[in-house]
Amino acid sequence: MSQERACAKINLTLDVLGKREDGYHELTMVMESVDLADILRFSHGGPGVQVKTNLSFLPAGPTNLAAKAALSFAQATGLTVEPLTIEIEKRIPVCAGTAGGSSDAAAVLRYLNRATGAGLDDQALQKLGESVGSDVPYCVTGGTALAQGRGERLTKLPDLPRCAFVLCKPAFSISTPALFAELDRHKIRRRPDTAGVRRALEDGDLAGVARRLYNVFEDVLPPRQAKAVGEIKNRLITGGALGANLSGTGPTVYGIFDDETLAQAAYQDLRETYPDTFLCHNV
């Protein structure tokens, strides 16, 4: 049985530039991979493409992004991928703003590219991933990258210096469409310093990156969710984080640490209140 790891992503920055004619939004984001990861195992057997997970509420059919990626790969390449069973050990929280489903889909594309001998390069796999989900192209390669457009236009950036992250997902969900709609109704008054983050990455300046973390969705969170996000950020900063931010449309909040001992202590502190708290590192 073959295996593939699917890493979570976080947003160092997230800016929404406006709504496009196709209904999507124009985005500019600096993304980073962390070693909190789902594990995918592949076997060839069973009818069609099947997905099995350790979470009973997740879909097993073609609406699962992992299955959608497999079917898209077969259609794009003309290669036979069925019968295929994909077993996903979910470790990344669901609906958390950390691209768990998209990363699973990207892992399927990487596996099938290798298993079938298709020989597609990263750009071709990223292009294929566009039809599966907006975060899939980034998740194909991960790392530190600038994502633009819907997220499909990618520019590799200098690696973020090695550091620790504490990720904390409060026990509520946030509707991504509702949050975009709310953002459309407001004038964005504060935007992330994307250029400054890029300069800090070029200089290997972790503190400089951490000072510039920002996500425009924080300004339009519903009051209850905004209060919870603010409290978690405050606990992370008080616990020694160089900076803290909301990832994606949330609700996951993370802090960046250059001190492993402080990160461990912050992790232990938050985990007592929020079970979905994770200590991890950049990939």
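The C-beta contact set for the stretch 247-263 (first residue at positive phi, second residue assigned to a loop (DSSP other than H, G, I, E, B) and buried (at least 24 other Cβ atoms within 10 Å of the Cβ), distance under 6 angstrom, 6+ apart or interchain) comprises Gly248/Gly97; Gly250/Gly97.
Looking only at the stretch 127-138, residues that are part of a helix (DSSP H, G or I) and within 18 Å of Thr98 (Cα to Cα) come to 4 in all. Could you grab the pairs with beta carbons closer than 6 Å, sequence gap of 6+ or different chains, first residue in the stretch 213-232 and over 12 Å from Ser247 (Cβ atoms), second one assigned to a helix (DSSP H, G or I)? From the stretch 213-232, the pairs are Val220/Glu182; Val220/Leu183. Of all residues in the stretch 140-179, those that are farther than 20 Å from Leu27 by Cα, surrounded by 13 or more Cβ atoms within 10 Å (Cβ to Cβ) and touching a strand residue (DSSP E or B) at 6+ places or on another chain (Cβ under 7 Å) total 7.
For the stretch 14-28, a residue qualifies if it is surrounded by fewer than 24 Cβ atoms within 10 Å (Cβ to Cβ), assigned to a strand (DSSP E or B) and not small (Gly, Ala, Ser), and the qualifying residues are Asp15, Val16, Leu17, Lys19, His25, Glu26, Leu27, Thr28. Here the helices (runs of 4 or more DSSP H) wholly within the stretch 167-269 that include at least 1 residues being touching a Pro at 6+ places or on another chain (Cβ under 7 Å) and modelled with pLDDT of 95 or more are 194-202, 206-211, 223-238. If you go through the stretch 180-207 and keep only what is of a type outside the set (D, E, K, R) and either buried (at least 19 other Cβ atoms within 10 Å of the Cβ) or in contact with a strand residue (DSSP E or B) (Cβ under 9 Å, 6 or more places away or on another chain) (or both), you end up with Phe180, Leu183, Ile188, Pro192, Thr194, Val197, Ala200, Leu201, Leu206, Ala207.
The values are calculated or read from the model by the stated rules, or taken from the named source; none is laboratory data. Keep in mind it's a predicted model, so treat the numbers as computed, not measured. Heads up, the Cβs are rebuilt from the backbone with ideal geometry, glycines too, and the neighbour counts pull from every protein chain shown.
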